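**Student:** Could you have a look at this structure, given as structure tokens, before my questions?
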Amino acid sequence: MRCRDLEFQIPIHSHPDDPSKPDYSNVQRAWWDIINLTYASSDCPMRLTMELRIMGGSDLLMAPQHGNTHGTASIEVLSIPDAVADSEWEPFLQQVSDLWMSYTDAQGVKLNVRPHWAKEWEKINMRGKPAREYLKEVAYKDAIPEFRKTLSKIGEGQGWVLEDLKKRFSNELWDYMVFSE
């Protein structure tokens with residue numbers, strides 16, 4: 001089934017009383033923020049469902065779950081393409097993003113909330129920046145150079161360089177995120 005879909009990965013941070021344990025308060029907050037946002041509008045554009053699942057972190061550098069020690073809340077809002085116009089869906093996505101991107105840990109440090117790569121996020125701003133810019137300069141700031149370095153090491157042993165990868169796997173987003181400085 002085709003759908004409109006925005007999904008974010010929200011890190012589960014440490015519990016303030018015991019850093020070895022997870023604190024699920026932002027998971028609950030993420031869920032209830034969208035329920036409240038939905039009921040605040042008489043004509044909410046989320047006309048399908050909201051979904052939330054808990055998953056682990058990831059060792060993959062470019063995974064949105066990378067570095068999430070206590071796991072990740074993967075949460076998304078969905079609608080039906082024929083039931084919602086861009087003019088109502090995109091402002092709703094911005095509201096959702098503003099809520100989810102505002103979360104902090106117990107010490108007030110903003111969480112590294114990141115979108116699912118294959119969902120709708122490119123037309124929104126994240127913490128005041130266009131999404132692509134935010135992802136490259138903030139959310140994946142350290143991961144991108146490490147990713148390039150890892151690819152180069154692999155290529156050395158295989159007889160190819162990053163330019164060969166760009167020729168084979170190039171697309172507008174990947175060129176901006178990974179193949180440009």
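**Student:** From the list Arg132, Arg148, Arg127, which residue is outside the structural domain of Ser20 (by TED's automatic domain parsing), over 18 Å from Tyr24 (Cβ atoms) and of a type in the set (D, E, K, R)?
**Tutor:** Within the list Arg132, Arg148, Arg127, the selection yields Arg148.
Conditions tested, residue by residue: (1) surrounded by 12 or more Cβ atoms within 10 Å (Cβ to Cβ); (2) touching a Leu at 6+ places or on another chain (Cβ under 9 Å); (3) modelled with pLDDT of 90 or more.
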{"residue": "Tyr140", "(1), (2), (3)": "yes, yes, yes"}
{"residue": "Ala143", "(1), (2), (3)": "yes, yes, yes"}
{"residue": "Glu146", "(1), (2), (3)": "yes, yes, yes"}
{"residue": "Gly155", "(1), (2), (3)": "yes, yes, yes"}
{"residue": "Trp160", "(1), (2), (3)": "yes, no, yes"}
{"residue": "Lys167", "(1), (2), (3)": "no, no, no"}
{"residue": "Glu172", "(1), (2), (3)": "no, no, yes"}
{"residue": "Asp175", "(1), (2), (3)": "yes, no, yes"}
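**Student:** Among the residues of the range 36-63, which ones are in contact (Cβ under 8 Å) with a residue 60 or more places away in the chain and either over 21 Å from Ala139 (Cβ atoms) or touching a Gly at 6+ places or on another chain (Cβ under 9 Å) (or both)?
**Tutor:** Once the filter is applied, which keeps residues that are in contact (Cβ under 8 Å) with a residue 60 or more places away in the chain and either over 21 Å from Ala139 (Cβ atoms) or touching a Gly at 6+ places or on another chain (Cβ under 9 Å) (or both), the range 36-63 yields only Leu37.
**Student:** List pairs: first residue in the range 154-181 and free of Cβ contacts under 8 Å to residues at least 12 places away in the same chain and farther than 24 Å from Ala118 by Cα, second residue in a helix (DSSP H, G or I) and of a type in the set (A, V, I, L, M) anywhere in the structure, Cβ distance under 7 angstrom, at least six positions apart or on different chains.
**Tutor:** As it stands, the answer is Gly155/Leu162, since those pairs meet every condition given.
**Student:** Quick one: in the range 42-68, of everything that is loosely packed, with under 14 Cβ neighbours inside 10 Å and of a type outside the set (Val, Ile, Thr), which residue is nearest to Pro81 (Cα to Cα)? I'd like the intermediate steps shown before the answer.
**Tutor:** Here is the first cut: in the range 42-68, the ones loosely packed, with under 14 Cβ neighbours inside 10 Å are 42-43, 49, 51, 53, 55-56, 59-60.
Those still in the list that are of a type outside the set (Val, Ile, Thr) too: 42-43, 51, 53, 55-56, 59-60.
On the way: Ser42: 19, Asp43: 15, Glu51: 17, Arg53: 23, Met55: 28, Gly56: 31, Asp59: 34, Leu60: 32 Å.
Once the filter is applied, the top-ranked residue is Asp43.
**Student:** Sticking with this one: If the requirement is being part of a strand (DSSP E or B), at pLDDT 95 or above, buried (at least 19 other Cβ atoms within 10 Å of the Cβ) and assigned by TED's automatic domain parsing to the domain that holds Phe92, which of these qualifies: Ala30, Ala73?
**Tutor:** Details: Ala30 fails: part of a strand (DSSP E or B).
None of the others qualify; the one that does is Ala73.
**Student:** A further question on this structure: Going by the conditions given, is Gln107 over 23 Å from Asn36 (Cα atoms), loosely packed, with under 13 Cβ neighbours inside 10 Å, in the same structural domain as Asp18 (by TED's automatic domain parsing) and modelled with pLDDT under 95?
**Tutor:** yes
**Student:** When you check Asn125 against the structure, is it within 19 Å of Val96 (Cβ to Cβ) and either of a type outside the set (Val, Ile, Thr) or touching a residue at least 12 places away in the same chain (Cβ under 8 Å) (or both), yes or no?
**Tutor:** For Asn125, the condition - within 19 Å of Val96 (Cβ to Cβ) and either of a type outside the set (Val, Ile, Thr) or touching a residue at least 12 places away in the same chain (Cβ under 8 Å) (or both) - is met.
**Student:** Restricting to the range 128-152, what's the tally of residues that are touching a residue at least 24 places away in the same chain (Cβ under 8 Å) and charged (D, E, K, R)?
**Tutor:** Within the range 128-152, residues that are touching a residue at least 24 places away in the same chain (Cβ under 8 Å) and charged (D, E, K, R) number 4.
**Student:** Only one residue in Pro115, Pro130, Pro91 is under 11 Å from the mean Cα position of the chain (by Cα) and at pLDDT 95 or above. Which one? Please lay out each step first, then the result.
**Tutor:** Numbers: Pro130 fails: under 11 Å from the mean Cα position of the chain (by Cα); Pro91 fails: under 11 Å from the mean Cα position of the chain (by Cα).
Of the residues listed, the single one that is under 11 Å from the mean Cα position of the chain (by Cα) and at pLDDT 95 or above is Pro115.
**Student:** Please enumerate the residues belonging to the range 76-104 that are closer than 30 Å to Pro19 by Cβ, crowded, with 19+ Cβ neighbours inside 10 Å and of a type in the set (A, V, I, L, M, F, W, C).
**Tutor:** Of everything in the range 76-104, those that are closer than 30 Å to Pro19 by Cβ, crowded, with 19+ Cβ neighbours inside 10 Å and of a type in the set (A, V, I, L, M, F, W, C) turn out to be Val96, Trp100, Met101.
The values are calculated or read from the model by the stated rules, or taken from the named source; none is laboratory data. Keep in mind that what you see is a predicted model, and the values were worked out from it rather than measured. Note: ideal-geometry Cβ built from the backbone for every residue, glycine included; neighbour counts use all protein chains shown.
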